1. For M1, which of the numbered conditions (1) modelled with pLDDT of 95 or more; (2) within 29 Å of N150 (Cα to Cα); (3) aliphatic (A, V, I, L, M) fails to hold?
2. Mind checking which helices (runs of 4 or more DSSP H) fall wholly inside the stretch 14-126 and carry at least 2 residues that are farther than 30 Å from D151 by Cα?
3. Can we say Y193 is under 24 Å from V96 (Cα atoms) and among the aromatic types (F, W, Y)?
4. Please give the number of the condition Y98 fails out of (1) closer than 30 Å to V174 by Cα; (2) out of contact with any strand residue (DSSP E or B) (no Cβ under 7 Å at 6 or more places or on another chain); (3) open to solvent by 20 Å² or more (accessible area, probe 1.4 Å).
5. If only one of K108, K44, K99 is charged (D, E, K, R), within 23 Å of F163 (Cα to Cα) and at pLDDT 95 or above, which one is it?
6. Taking the stretch 127-140, which residues are hydrophobic (A, V, I, L, M, F, W, C) and not in a loop (DSSP other than H, G, I, E, B)?
7. What are the residues in the stretch 147-172 that are buried (at least 16 other Cβ atoms within 10 Å of the Cβ) and either touching a Leu at 6+ places or on another chain (Cβ under 6 Å) or among the hydroxyl-bearing types (S, T, Y) (or both), if any?
8. Tell me the strands (runs of 3 or more DSSP E) entirely within the stretch 141-228 that contain at least 1 residues that are free of Cβ contacts under 8 Å to residues at least 24 places away in the same chain.
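The values are calculated or read from the model by the stated rules, or taken from the named source; none is laboratory data. As the structure is a prediction and not an experimental result, all values here were calculated from the model. Heads up, the Cβs are rebuilt from the backbone with ideal geometry, glycines too, and the neighbour counts pull from every protein chain shown. These area figures cover heavy atoms from the full protein model, side chains too; ligands, DNA and RNA do not enter into them. Shrake-Rupley method; radii C 1.70, N 1.55, O 1.52, S 1.80 Å.
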Amino acid sequence: MKDEIKREIITTADGSKTIHLPDLNEQYHSKHGAVNEAKHVFIKSGLHYIISKNHFEVLDILEIGFGTGLNSFITFLEAEKSNLSIRYTGVEAYPVSYKEASLMNYPKTLSVEDKQDVFGKLHELEWEKPVDISSNYTLTKRKQFFSEINDEKCYDLIYFDAFGARVQPDLWTVEIFRKMYEALRLNGVLVTYSAKGSVRRAMQEVGFEVERLPGPPGKREMLRASKV
């Protein structure tokens, strides 16, 4: 994936926007609904699921593919609403600028225009160091290739939101999912929009217990993997 690849803003089926890469025929979020996908895959099937199973003083989340910041922003809103304490780490090799991300106008789409400054802060804060976005939400952004991740037993939940296997098959391998398995604590969970058989088998090979779940709009299924 190169920085010079052409990017354009498109409107998805739920009215929210995302970045489209015409040369690759790939989007940062589902063309069937960027916000709906984020809420279904990462919030409902990931965040809500794991907090229903466990009590956390602080919940540690790793996002694979920080991208536009949409998943982090919605997670921040959930933390505010539910009074959750969250430490969020977003890994991204090719950062999206705030200027570009602001064109998608997620605060307005989510009816939280008073949080525009927060969305801006997610993009403009310094990389490689934890920054308190609020009293219960800390964000660390790491500019890093996913193959370079070597965290061990650091996270309770992983949002795996890499570009699809058709475009970047090297991000959906046994080697990458072994890194994800090692990064999770016991009883940790990984969620992703993908439901490919090869992805499920790679997860199972490294020790994950994998469930197929109903997918977001436009997808029949998605995967949730647990380290048990």
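1. If we test M1 against (1) modelled with pLDDT of 95 or more; (2) within 29 Å of N150 (Cα to Cα); (3) aliphatic (A, V, I, L, M), just (1) comes out false.
2. Working: elements: 34-37, 49-53, 70-82, 98-102, 106-109, 116-124.
The helices (runs of 4 or more DSSP H) meeting that bar are 98-102, 106-109, 116-124.
3. Criteria met by Y193.
4. Every listed condition holds for Y98 apart from (1).
5. On the way: K108 fails: within 23 Å of F163 (Cα to Cα); K99 fails: at pLDDT 95 or above.
Being charged (D, E, K, R), within 23 Å of F163 (Cα to Cα) and at pLDDT 95 or above holds for just one of K108, K44, K99, which is K44.
6. First pass over the stretch 127-140, keeping only residues hydrophobic (A, V, I, L, M, F, W, C): 127, 131, 133, 139.
Hits for the stretch 127-140 are V131, I133, L139.
7. Y155, D156, I158, Y159, F160, A162
8. Working: elements: 155-160, 184-192, 209-214, 221-226.
Here the list reads 209-214.
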